[in-house]
1. Given the structure, is A:Pro593 modelled with pLDDT under 85, under 29 Å from A:Cys438 (Cα atoms) and assigned by TED's automatic domain parsing to the domain that holds A:Leu373?
2. With chain B as the region, which strands (runs of 3 or more DSSP E) entirely inside it contain at least 1 residues that are facing chain A (nearest Cβ under 10 Å) and over 21 Å from A:Glu246 (Cβ atoms)?
3. Here are some conditions: (1) within 22 Å of A:Leu528 (Cβ to Cβ); (2) outside the structural domain of A:Gly524 (by TED's automatic domain parsing). A:Lys611 meets all but one. Which one does it not meet?
4. Yes or no: region B:54-73 includes at least one residue that is β-branched (Val, Ile, Thr) and without any contact (Cβ under 8 Å) to a residue 12 or more places away in the chain.
5. For region A:30-58, name all the residues that are among the hydrophobic types (A, V, I, L, M, F, W, C) and either in a strand (DSSP E or B) or surrounded by 16 or more Cβ atoms within 10 Å (Cβ to Cβ) (or both).
6. Taking region A:34-61 only, how many residues are out of contact with any Ser or Thr (no Cβ under 8 Å at 6 or more places or on another chain) and either closer than 17 Å to A:Lys421 by Cβ or in the same structural domain as A:Gly377 (by TED's automatic domain parsing) (or both)?
7. Quick check on A:Asp425: is it modelled with pLDDT of 85 or more, in contact with a Phe, Trp or Tyr (Cβ under 7 Å, 6 or more places away or on another chain) and charged (D, E, K, R)?
8. Restricting attention to region A:401-415, and to residues there that are in contact (Cβ under 8 Å) with a residue 60 or more places away in the chain and farther than 18 Å from A:Leu675 by Cα, which single residue is surrounded by the most Cβ atoms within 10 Å (Cβ to Cβ)?
Amino acid sequence: MDTIKIVLAGQPNVGKSMLINAMSGSNGLKVGNFSGVTVEKTEVCFEHHCHQFEMVDLPGTYSIRGFSKEEKVAYEYLSNEEYDVIINVLDSTHLQRNLLLTLELLKLNKKMVLALNMADEAKKEGIDIDVKQLEKIIGVPVVLVSANTKEGVDELLDKIHDIADSCYRPKSNITYSDAMEEEILDIQKFLDDRGFKIRDLSSREIATRLLFEDKDLYKELRDEPIMIELQPLVLKALQHLYTHHETKNIKEIKYNEYNAIARGIKMEVIKCNRAGSGKNLTKKIDDVLIHKYFGIPIFLFLMWGLFHLIFTIGDIPVEIISRAFSSFGAWMGSHISNEFLRNVIVDGIIAGVGAVLSFLPNIILLYIGIALLETTGYMSRVAFLLDGFFHKFGLHGKSFIPLVTGFGCSVPAYMAARTLKSEKDRLITLFIIGFMSCGARLPIYMLFTSAFIEDKSIAGNVLFVIYISGALLGLVMAKILRVVVFKGEDEPFVMEMPKYRFPSFKLIWHTVYNNAKGYVKKAGSFILLASILVWVLATYPSQKGIEESYIAKIEQTQNMQEKLDLENELNVKKLENSYLGQIGKATEPFFRPLGFDWKMVVALESGLAAKEIVVSTLSILYNGKGDTLANRLRDSIPPASAMAFIVFVMLYLPCLAASMVFAKEAGGYKYLVYLFIFTTATAWIFSFITYKAVELFV
Amino acid sequence: MKLLELHKGDRALIKKVDTDEALKTRLASFGVVRGSELTVEACSIGKQTMEILVDGTLIGLRGEEAEKIEVEKL
């Protein structure tokens with residue numbers, strides 16, 4: 001079977017990933033409505049008409065020599081790798097701007113197809129594109145498609161087949177400005193007269209490249225005798241262009257020419273362009289959402305509303321699920337006769353995994369919130385609103401995108417930071433992403449707020465305050481890092497504001513479903529193993545001596561209350577002398593000023609592997625029959641320690657997986673060491689302050 | 001005059017983009033070049049950021065960048 005290697009190139013947010021999903025009939029690639037969803041090249045393979053299609057999804061790039069990290073990925077791939085066909089994906093509703101990249105791609109001299117995506121939206125906005133005319137001008141096949149409605153997708157696949165099999169080269173009919181055309185013609189005529197050829201370039205192409213100062217071509221021409229005669233010609237031509245464009249910057253001349261061409265093409269191929277409804281709607285929404293004074297309050301209100309929903313609605317099923325798990329545990333316990341097996345399953349696995357799984361409803365709500373932010377187009381607006389504020393803290397408005405992603409999970413957040421061009425902005429952002437509490441920390445907060453806050457109606461506010469204060473502290477830390485460590489120039493803020501799109505149910509569903517599935521999977525594998533490990537460490541070494549002496553004591557007493565007390569004492573003694581108890585006790589002194597007992601210490605330490613394990617560990621260590629975990633915690637932890645604990649969880653090192661990605665993105669393990677010291681010190685100090693403050697005032 | 005001096009709803013013609021090379025490339029790829037027409041769509045408090053419409057594309061930029069773009073009010 002023949003393989004066709006296809007690479008998708010296009011400007012950011014034109015729907016490349018969504019188009020691949022539509023073509024391959026899967027939902028493997030993440031999509032959203034802002035620039036920079038895809039930051040790494042991704043490959044997808046599928047079969048079509050007896051051909052193996054190998055699709056490479058490149059990050060969007062505004063121009064071929066883009067400068068942010070993910071744009072460089074695109075450039076390097078396009079110019080250095082082997083591939084058969086480029087699909088240049090364009091947004092039909094922003095044809096003119098998208099054509100600028102097309103003009104640059106044409107220079108690569110590769111087989112190419114233009115896919116005008118979002119054809120359905122264009123139709124709705126009254127934009128009618130003359131495909132035949134566009135094909136004639138650009139010189140490559142053009143297909144109208146919609147990744148959303150899947151119209152045109154089959155046609156696009158067929159076109160790729162045709163073009164891959166043919167031996168075709170793009171032959172465009174692009175006209176530059178009069179001045180430029182005049183000079184091209186001049187040089188072209190000279191080259192034709194001399195019968196000069198180089199590579200497979202036409203003489204018109206050589207002339208254009210000479211005028212645009214194509215470095216590679218100059219290198220090749222350097223040793224050619226023709227250069228002597230060519231030089232004065234080119235010089236004269238350049239002088240003409242300088243006066244015509246009122247600048248001596250050849251790059252600027254090139255941009256001006258390209259923009260003029262794109263504008264010209266748009267005028268020629270877009271037939272009817274009545275004022276569309278989509279654009280007006282975006283304008284109207286923007287009038288409210290990025291209002292000078294109301295914009296930020298509206299944003300804060302929306303966030304507050306989200307956390308309230310997470311608490312009030314999300315908490316209803318939480319109770320049910322956690323009760324179901326404890327009765328399931330009791331039922332299992334009564335059916336397993338082997339004592340060891342019963343203990344592992346009931347006290348280890350069911351207690352640990354159950355505690356983590358019971359927070360699934362909250363996690364789902366959080367992800368719905370983030371998915372809405374990502375797919376509607378609101379995300380870029382918030383970056384716009386917050387840039388002024390962020391800038392004061394030495395951060396870039398665009399940092400908002402990785403930071404918000406961080407509320408879901410730190411791993412994609414670290415990668416999303418690649419959209420920041422300046423290395424220093426990127427590193428600062430990487431360092432504070434951990435302060436944005438990720439989804440896995442939510443269960444810990446939920447557990448403690450429901451345990452220590454009686455009034456359900458304010459629990460949502462507390463949750464909101466926890467998240468906001470984490471974020472604010474992140475900003476303060478960014479400022480400190482900017483002043484102390486990463487001094488230097490700021491990156492300019494220039495960013496496309498995507499059109500508002502009504503979030504499609506399908507898209508939200510896929511994002512949330514994938515994330516929820518990931519959470520459950522993790523609970524069923526990683527958390528499950530960790531729960532067993534924690535249980536084993538909490539149970540062994542077995543202390544026969546102590547146990548026997550207590551059992552003897554228990555048998556001697558007649559008083560029921562005394563019997564219970566002794567049993568509890570035995571359990572505590574056993575835990576304290578277990579491996580886990582020894583670890584906890586050894587490290588407890590470090591945490592003693594924060595008011596943590598050794599069980600909390602162990603829970604925190606296990607959280608270095610994954611934050612969910614904090615909950616499962618607490619559930620195993622604060623073991624008790626019948627009562628909910630929240631109630632057990634309330635009975636055994638003083639409120640000041642609990643608050644300090646939340647603060648510590650909020651600020652300390654992200655999980656193992658995230659830490660590894662951090663090291664990779666920051667550029668070395670030494671940064672991970674810095675991050676560990678930085679977060680641990682911050683967490684310790686702030687939790688100490690919290691502990692002392694709560695002790696004083698409450 | 002400078003782009004920064006414009007207000008919400010103003011239309012203008014771009015005369016000159018006076019920034020470093022990298023930013024010029026980025027702006028050019030959005031259509032912000034000499035001769036393009038723009039409309040100011042929104043400003044945040046104190047014009048820290050501005051939203052402009054150029055050839056159907058909405059662009060957000062910082063006041064400091066807006067100060068480097070010379071325009072002629074229409």
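1. No: the conditions fail for A:Pro593.
2. Those strands (runs of 3 or more DSSP E) span B:37-43, B:49-54, B:57-62.
3. Only one criterion is unmet by A:Lys611, namely (2).
4. Within region B:54-73, not a single residue is β-branched (Val, Ile, Thr) and without any contact (Cβ under 8 Å) to a residue 12 or more places away in the chain.
5. A:Val31, A:Phe34, A:Val37, A:Val39, A:Val44, A:Cys45, A:Phe46, A:Phe53, A:Met55, A:Val56, A:Leu58
6. Residues that pass the stated criteria total 2.
7. no
8. Applying the filter and picking the extreme gives A:Ile401.
The values are calculated or read from the model by the stated rules, or taken from the named source; none is laboratory data. Predicted model only: the values in this text are computed from it and were never measured. In this analysis, Cβ positions are derived from the backbone assuming ideal geometry, glycine residues included, and neighbour counts consider all displayed protein chains.
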